[in-house]
Amino acid sequence: MTTFAAATASLRQGTSRHRLFHPGTMLALGLSAAVSVGAWTAFNQPVAAPDYTGRIGGFAFSPYHRGETPEANNLANQYPTAAEVNHDLALAASKSDRIRVYTVAGPMADIPRQAAAYNLKVTLGARIYSNLADDEAETQRLIATTNANPNVERVLVGNEVLLRADITTDQLIHYINEVKAGVHVPVSTAEPYHVWLKHPELAASVDYITVHLLPYWEKVPEKEALADAMMKLHQVEAAYPGKHVVIGEIGWPSSGVQLGGAVASRANQADFLRTFFNLAQNEKLDYFVMEAFDQPWKTSFEGRAAGYWGMFDLDRHAKWALTGPVMETPNWLTWALAATAGAAIAAGALLRRRPDIRLPGKFLVAGLTQGFASVFALVLLAMAGKYLSPFAATIWGALAAGQALLLFLLMADSFELAETVFGVEKKRHPLIVPAAPGTPMPKVSIHLPICNEPPHMVKLTLDALARLDYADFEVLVIDNNTTDPALWEPVADHCSRLGPKFRFFHLGKWPGFKAGALNFAMRETAPDAEIIASLDSDYIVTPDWLRCMVPQFANPRVAIVQSPQDYRDNDNSFFKRLMFWEYAGFFQLGMVTRNERNAIIQHGTMSLIRRSAMESSGNWAEWTITEDAELGLRLFREGWEAVYSPHSFGRGVMPDDFAAFRKQRFRWAYGAMQILRGHASALFNPFNRELTLGQRWHFITGWLPWIGDALGLAFLVMGLAWSIGLIVAPKLYEFPIVLFMLPSIGLFFFKIAQILALYKAKVACGFNDRLAAAVGGLALSHTIGKAVWKGLFIRSAPFLVTPKMEGAPALIKGLVMAREELILLALTWAAMIGVGVAHHLATWEATLWCVVLLTQSLPYLAAVTVALVAAFPAHAASTRQASARAGALLAAGD
């Protein structure tokens, strides 16, 4: 860092040490933190549930711990160890006197012997599937184990085998009879209530009936669930009088997707079971609660809720006590305080940089940051409460990282909104005053690269330069890679007519594209030229451009003096008007804010550069397609300063159609990713001090929305794939948790609101133009997303093919121009309709997922709409008006 830059940074650091303690800042931080903690508290109130003080009738007992599953094949850790089983039996014995075991495979056959040490009676089961040899072996083990353990009080042959249609009723009755002949305890099988009602022959074959009553799976709301379960129990009892009925499974999950009106939650689980325990005690019901311990291995084939039916979690911690209120999230306060403190620190760090922001802006930043931090904390809290396999943890971790990036982007956007709308001080607002007549001014070399440009357009640009009110300048026109002499020869002739200040170079086939041509111009520049001006071939400059902007170089630290891109054909059509205001947002808002921290994006037109700085830095980079922005960042790394004035000194023409508009933005986004890769150390390495913190902030957060578009494209593809699963296999595919859906929706609508608010405050256009600008930017999301992914992983710039549609009707032309967006729009809407029909919008998850798909489709709808608008020809009168405006701009210089 140079001495000047170091002194400036030291001064800024010294003057900012007390900014955090600005009374308004502390008020905003304190009140927003209080509101955050209050909101956490309000949503985490304890829930009342009936107390129960008796013993539990029995537990469905599956003692599998982490990494253990009966679904594994020939794995050493398939079954729990004897020590794990003993630990679980001790826990079960502390609450109940009976357990139900589902299989006698492997070491599970030893559970009755181990249970005897805890005085537990066992209802022993055999796992029956469709493999006849395995089923026969399992029934023989069941007989042997039952006869060897006197604490086995009854047995169950199979569990829901008819519900799954694994074997026929006759086959099941055969196994039941076989076991009955081999044991001296009652024999049954376990099925849901409707299977028993459908198969009286099965009921006749058993000594007692074992019925499963799980109203959650039948989408019954928790408050109605117990009454529904008892009604079905009584139906079975009435159908088979004289048969003893055992409730083999009854319970409620503590986590899982909402099924109809059935909400899986810890509080609902406690309320359901504690109410049932009291009822069962009063009516002396014979039952086993589903279940003792969470068993996440079941989620792979039964869905997320299947892993969360235990009264104890997977780590054997009780989810709730049998008495007293129930907390849905027992450790919520720790997360709340961490999120609130983190948000206050982040918001304080931002506001410390701009103490001049008025109080409403401080509250905006502090409040939104608290909200974003709380949402992210809830995402992490939801992850902490789930049992994730390594693969699932990787997926959730990637999603959480994406959410963190989106929330950081929201925080950056809220700060930009606050400092733009509510900021008071402008520390780097340049005073643009034309140089007084007779003032000595440095020579300027104006470089005008052209390639296959219409000669009449370039002539207008050259005529405007000839009218410059500036004594010492030259114009170098560099034509490269133009093969048609009819395009470049008229320009060469025109330069000759304009005099010796205008020099023309035809390079033919030349490497390096625009940067290569500009580097050639640097070698041909007059030796006494001190300032380099870069100008696009379509710009008509005002005569006072150089006389007003060159004086800024009186500051020896200034290397770049930048004027905005502006356009003269904004009334040519509605499409042009839309583009005009979409561009204006960056040059009237973003660049002004970036200038406050010496972090503007240099663009390759209306740009003045100190020659010595440029040459010492290596001139234009030919490895990136955005050589202008790269040069600006490189000069910032070397400690130079830039000056930006939003005053317009030149106007060009905008793209003629949506394809050209899209191609231009693709180039900008692709080049930005090239720059991110090429300057990664300066931007991301905390030990690299070449850039100031403010410069890093603007370059990173300025390109983050484009990275957000890339993530949006990835999320859309994943969302479409997941929607297919939700439609085709709804029992295997569940909706993502709500907290993963909310940030993407929130980001979209916040961005729209932010654009409208910023434009209203700082851009002189009406509401319709503000809305059109937002739609125009939205229409480019897909293109930007593709450019980002390609820019991050492809070294050379891809060639974009534009369909040739000159003779096609406007409607067809517009649809073809946006064909990719049209296809994705149709797929997204089809997925949304399919999910809505398949799930009847019966839950919040289904409705919210459809809202997510609708939100994701809006950029594609915007793209198709803008393409159609651009395809319809402009009125002839508007075209004449645009041509007349070019002539008027030139006449103004005479």
Can you spot a residue in the range 364-374 that is out of contact with any strand residue (DSSP E or B) (no Cβ under 7 Å at 6 or more places or on another chain), within 21 Å of Asp315 (Cα to Cα), in a helix (DSSP H, G or I) and among the aromatic types (Phe, Trp, Tyr)?
no
Filter the range 650-672 down to the residues that are touching a Lys or Arg at 6+ places or on another chain (Cβ under 8 Å) and part of a helix (DSSP H, G or I), then identify the one that is surrounded by the most Cβ atoms within 10 Å (Cβ to Cβ).
Tyr670
All conditions in (1) part of a loop (DSSP other than H, G, I, E, B); (2) farther than 29 Å from Pro511 by Cβ are true of Asn452 except (2)
Residue by residue through the range 593-610, note down the ones that are touching a Lys or Arg at 6+ places or on another chain (Cβ under 9 Å) and either touching a residue at least 60 places away in the same chain (Cβ under 8 Å) or of a type in the set (Ser, Thr, Tyr) (or both).
Asn595, Glu596, Arg597, Asn598, Ala599, Ile601, Gly604
Here the residues within the range 451-489 that are open to solvent by 60 Å² or more (accessible area, probe 1.4 Å) and within 21 Å of Phe513 (Cβ to Cβ) are Asn452, Thr483, Asp484
Please specify each residue of the range 176-194 satisfying the condition of being open to solvent by 10 Å² or more (accessible area, probe 1.4 Å) and under 54 Å from the mean Cα position of the chain (by Cα).
Pro192, Tyr193, His194
Looking only at the range 195-226, filter to residues that are in a loop (DSSP other than H, G, I, E, B) and not acidic (Asp, Glu); which one of those is surrounded by the most Cβ atoms within 10 Å (Cβ to Cβ)?
Val206
Residue that is acidic (Asp, Glu) and not in a helix (DSSP H, G or I), where the choices are Glu136, Glu153, Glu84
Glu153
Being aromatic (Phe, Trp, Tyr), over 20 Å from Arg100 (Cα atoms) and open to solvent by less than 10 Å² (accessible area, probe 1.4 Å), is that true of even one residue in the range 265-277?
yes
Helices (runs of 4 or more DSSP H) lying entirely in the range 474-562 (those with 2 or more residues that are over 22 Å from His456 (Cβ atoms) and within 43 Å of the chain's Cα centre (by Cα)):
513-524
Looking at Ile143, Ile176, which one is closer than 17 Å to Tyr102 by Cβ, at pLDDT 95 or above and either part of a strand (DSSP E or B) or in contact with a strand residue (DSSP E or B) (Cβ under 8 Å, 6 or more places away or on another chain) (or both)?
Ile176
Give the residue that is least open to solvent (accessible area, probe 1.4 Å), with candidates limited to residues of the range 685-696 that are at pLDDT 95 or above and in a helix (DSSP H, G or I).
Gln695
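Each row is one residue, and each column tells you yes or no for (1) closer than 14 Å to Asn481 by Cβ; (2) crowded, with 20+ Cβ neighbours inside 10 Å; (3) in contact with a helix residue (DSSP H, G or I) (Cβ under 6 Å, 6 or more places away or on another chain).
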site: Pro500; (1), (2), (3): no, no, no
site: Arg503; (1), (2), (3): no, no, no
site: Phe513; (1), (2), (3): yes, no, no
site: Gly516; (1), (2), (3): yes, no, no
site: Ala521; (1), (2), (3): no, yes, no
site: Ala533; (1), (2), (3): no, yes, no
Do we find that Gly777 is within 24 Å of Phe661 (Cα to Cα) and at pLDDT 90 or above in this structure?
yes
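Out of Gly348, Gly324, I need the residue that is on the phi > 0 side of the Ramachandran plot and either not aliphatic (A, V, I, L, M) or not in a helix (DSSP H, G or I) (or both). Which one?
Numbers: Gly348 fails: on the phi > 0 side of the Ramachandran plot.
None of the other options fit; the residue is Gly324.
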A careful count of residues in the range 356-367 that are open to solvent by less than 60 Å² (accessible area, probe 1.4 Å) and over 9 Å from Ala343 (Cβ atoms) gives 7
If you check Ala264, Ala280, which single one turns out to be in a loop (DSSP other than H, G, I, E, B), aliphatic (A, V, I, L, M) and in contact (Cβ under 8 Å) with a residue 12 or more places away in the chain?
Ala264
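Results for (1) open to solvent by 20 Å² or more (accessible area, probe 1.4 Å); (2) in a helix (DSSP H, G or I); (3) at pLDDT below 95, shown as yes or no for each residue.
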position	(1), (2), (3)
Met832	yes, yes, no
Val837	yes, yes, yes
Tyr860	no, yes, no
Ser878	yes, yes, yes
Arg885	yes, yes, yes
Ala891	yes, yes, yes
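Given the criterion touching a residue at least 12 places away in the same chain (Cβ under 8 Å), out of contact with any Leu (no Cβ under 9 Å at 6 or more places or on another chain) and hydrophobic (A, V, I, L, M, F, W, C), identify the matching residue among Ala613, Ala584, Ala669.
Ala584
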Looking only at the range 437-482, filter to residues that are more than 20 Å from Ile609 (Cα to Cα) and of a type in the set (D, E, K, R); which one of those is modelled with the lowest pLDDT?
Glu453
Is it the case, given these coordinates, that Val236 is closer than 17 Å to Val161 by Cα and either in contact (Cβ under 8 Å) with a residue 60 or more places away in the chain or open to solvent by less than 40 Å² (accessible area, probe 1.4 Å) (or both)?
no
Kindly evaluate Ile700 against the criterion of being of a type in the set (Val, Ile, Thr), modelled with pLDDT under 90 and surrounded by fewer than 17 Cβ atoms within 10 Å (Cβ to Cβ).
no
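The values are calculated or read from the model by the stated rules, or taken from the named source; none is laboratory data. Computed from a prediction, not measured in an experiment: that's the story for all the values here. When we count neighbours, we look across all protein chains shown, and the Cβ atoms used for this are built from the backbone with ideal geometry, even at glycine. Each accessible area value is taken on the protein alone, full model and side chains, heavy atoms only, with ligands, DNA and RNA left out. Shrake-Rupley method; radii C 1.70, N 1.55, O 1.52, S 1.80 Å.
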